[in-house]
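K.L.:
There's a structure below that I have some questions on.
The values are calculated or read from the model by the stated rules, or taken from the named source; none is laboratory data. All of these numbers come straight from a predicted model, not from anything done at the bench. Positions of Cβ are generated from backbone atoms using ideal geometry, with glycine treated the same way; all protein chains shown enter the neighbour counts. Protein only, heavy atoms only, side chains kept; ligands, DNA and RNA dropped before computing areas. Shrake-Rupley method; radii C 1.70, N 1.55, O 1.52, S 1.80 Å.
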Amino acid sequence: MNSSSASRPASSRRRWTRALPAAGLFALAFAVRLLVLAQVEAYPKLELVRNRLDDQVMFDAWAKSIVAGRPFDYLASGHEFAHWAAASSGVFPVEPLYPYALALAYRVFGFRYDLVRTLQMFGGAVAAVFAYLVARRLVPGWAALACGAAAALYGPLVFYELALLRSSGQVLVVAAALWLLLAAGMPAAVGEGDPERAESSRARRTVLAGAAGGVLGAGVLLGAGLVPFALAAVVWLAAAARKAPSRPARGADYAPALAAAACLLLPLAAVSIVNSARSGRPAFISASGPYNLLLGNLHDAPGNGPTTTPAYDHIKASGPPESIDLLRETALQIARHPADWLRLLGRKVVYLLDPREWPNNLSYDMGRRTVPALRLAFVELWAVLPLALLGMIVGWHRRAELALLYIFVASYSLALLAVFVLARLRLPLVPGLLVFAALGLAWWVRALRERRLVHAGAALAVVAPAIVLLAALPPAHRTTDYEMAAAAHFTLASEREEEGDARAAWRHYGKALALNPAHARAVARVRALAPLAPADEGASERFAAAAALCDRAREHAAERRWEQALDALEEAERLAPASPTVHHYLANVFHETGRRGAALRHLERAVELDPGNDLLRYNLAALRRSSRIAPGAGEVPRPAVRRN
């Protein structure tokens, strides 16, 4: 056996060994996502077909019109932008790739929403693998594995993959594009070191760069916020070619940059040609850009959502839509109110760095309340951001090698600041931030190993308190989030009642009233249903024993012996976890001892178990009102319009 044939099995084993971490990360990410999907009952699942202003409804209707072969009637969507659609007749209202991809899924699988969600979750698991592969080029293997695991268990990513929104696709695009670009550009930037293989390496880089350009072109057709990064990536590839020690004798090898530019522009040009031909005038990929710029730069805009304001109403009332130049109006807003615009920009920066997931169409915090399995995906921005900022600082001396990551984070952040900051619009930043966080973590561990204790201690003294403080921020609650989740459970309860499953109907009516105690239709249906008997024969005895413990707890509470009261009630809860009386008493004790969060949880559970009890619902509504976070500190205004 010659040496080359002997080396092939060893090389094959090395390839399999390198692939194992990626395969393990994919399995972890996909398994968690499937567990979450299996546990979703109503929210956010039923929002797709029930909330007319939700972008999911718009994408769903558009995809179904494509399948049916009829034009999409945006004017019937209920979106505020429909008012301006007349001025852009024939132009795609928003970037068209997602509704066409959705239409393809509908044509192949039928209108199976859970299958679409499964496909999106598959893409999310692939994105976690790409995040790992990007990090593996820049940090030690263990840190790259931590980066991939964080992407696999990043809660907001998992949650928004449940929605028929384009955020999950954008995250996959970013992660894949970063990996392809680094593979195409880094060898040229740092030198190949093997002149004999230079030609084949250049051809490989050209193919990879072309693939990166095509992926970024698809990303722009998902959301125009990637335009600045796509253009900057082409420039980065050209700059990398100028620094390559193995470049051709006559100059730099610009083939990768040219391939990326061509593959980027090809899909964009095709859509632009279609829009221009249908509208009879030059047009880009969608008509919503000027509208979003206006909403994001009104002098009285909040900065964290596409909300209509008095300034917007004045502009809208100034004439028919075809007579109003939205780009000009945006420039006038900035020119006439420079101080207000600077304050608005400052608020946007704060929202960009705020780790809370500010809701719009859907609420991540409400998702965590209604889908317990989502807690398996426990990584959130509060844990990532301080480490990512550390990585950006300590990685600056490697800025030539890390330039692409810095460019991506800066360019996409500027694209967000140009309009408004939303949780789901911020998600494409996550792969880049996770790689920087891995870089910061790797630097800190190396500092410890090298006994640079002053540097490691200083970093820990800043990063650890920052993580603790950010984790302690109150969630961004809206009253409408409770109402939307309650409406979803009410819809599911109605369906179960029509199917004759009274027990399931009662359970979901209870969930609806635990979220929204004032849901009058749910109250009426609960009163119409007969109270359900216990599910098993031994429940009555356990309930009786729990009631006796509740009486004992009441005696302890009357004498302010709170610990003894809690001991008795915890034993009662163990005996009869489905007793509304036990949870009511627990809520009372926790409220009296100042633990309002625990009091709310138990009172919600009591209402869920006994939704027909007027006193429980009244107490829950009162406790929630008294515990509500003041606007500006956690309560966010309900947007008047939805993001397109």
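K.L.:
Which percent of the accessible area of the chain is formed by carbon and sulfur heavy atoms (probe 1.4 angstrom)?
P.N.:
Ligands and nucleic acids excluded, carbon and sulfur give 62 percent.
K.L.:
Let me ask something additional. In a shell of Cβ-Cβ distance under 11 Å around Leu181, excluding Leu181 itself, what net charge do Lys and Arg (+1) and Asp and Glu (-1) give?
P.N.:
+2
K.L.:
Another question, then. So if I take the centroid of the Cα atoms in the stretch 603-626 and the same for the stretch 329-347, what is the distance between those two points in Å?
P.N.:
45 Å
K.L.:
Between Glu495 and Leu345, what is the spin-label point distance in nm, taking each point 7 Å from the Cα along the Cα→C-beta axis?
P.N.:
So the label points at Glu495 and Leu345 sit 4.8 nm apart.
K.L.:
Over the Cα atoms of the chain, compute the convex hull volume and normalise it per residue, giving Å³.
P.N.:
Cα-based convex hull of the chain, divided per residue, equals 226 Å³.
K.L.:
Further, regarding this structure: Taking the stretch 306-410, which chymotrypsin sites (Phe, Trp or Tyr not before Pro) meet the DSSP loop condition and have no more than 15 other C-beta atoms within 10 Å?
P.N.:
Within the stretch 306-410, the qualifying chymotrypsin sites (Phe, Trp or Tyr not before Pro) (loop, at most 15 other Cβ atoms within 10 Å) are Phe378.
K.L.:
Work out the charge dipole of the stretch 29-123 with +1 on the Cβ of Lys and Arg and -1 on the Cβ of Asp and Glu about the Cα centre, then indicate which of Leu75, Ala101, Ala87 is farthest towards its positive end.
P.N.:
Checking the options against the dipole of the stretch 29-123, the answer is Ala101.
K.L.:
Let me have the 222 nm mean residue ellipticity of the chain computed from DSSP H runs of 4+ only, each contributing -39500 (n - 2.57), with the sum over all residues rounded to the nearest 500.
P.N.:
-22500 deg cm²/dmol
K.L.:
Pull out a ≥ b ≥ c, the square roots of the eigenvalues of the alpha-carbon gyration tensor of the stretch 480-631, then state rounded if a/c is under 1.5, prolate if not and a/b is larger than b/c, and oblate in the remaining case.
P.N.:
Because a/c hits 1.5 or more and a/b fails to exceed b/c, the stretch 480-631 counts as oblate.
K.L.:
Give me the extension gain from Leu266 to Ala504: residue separation times 0.36 nm, minus the current Cα-Cα distance, reported in nm with one decimal.
P.N.:
Here the answer is 80.5 nm.
K.L.:
Right, next: Place the peptides 319-327, 156-164, 490-498 in order of packing, highest mean first, counting for every residue the other Cβ atoms within 10 Å and averaging per peptide.
P.N.:
For the peptides 319-327, 156-164, 490-498, the packing ranking is 156-164, 490-498, 319-327.
K.L.:
Counting pairs of alpha carbon atoms under 8 Å apart in space and at least six apart in sequence, what relative contact order in percent does the chain give?
P.N.:
Worked out over the chain, it gives 15 percent.
K.L.:
When ligands, DNA and RNA are left out and all protein chains stay put, how many square angstrom of accessible area per residue does the chain have with a 1.4 Å probe?
P.N.:
Solvent-accessible surface per residue comes out at 44 Å².
K.L.:
Still on this model: Go through 68-77, 567-576 and give me the packing order, highest mean Cβ count within 10 Å leading.
P.N.:
In decreasing order of mean packing, 68-77, 567-576 become 567-576, 68-77.
K.L.:
Show me the ranking of peptides 499-510, 455-466 by mean Cβ neighbours inside 10 Å, starting with the highest.
P.N.:
Peptide ranking by packing, descending: 499-510, 455-466.
K.L.:
May I pose another question? Kindly identify the stretch 313-410 as rounded, prolate or oblate by the Cα gyration tensor criterion: order the square roots of the eigenvalues as a ≥ b ≥ c, call it rounded if a/c is under 1.5, otherwise compare a/b with b/c, prolate if a/b is larger, else oblate.
P.N.:
oblate
K.L.:
Select from the chain the helices, each a whole stretch of DSSP H, whose alpha-carbon atoms run 30 Å or more along the helix axis and whose Kyte-Doolittle mean is at least -0.5; answer none if there are none.
P.N.:
Passing helices, by number: 3-39, 113-136, 167-190, 198-222, 255-279.
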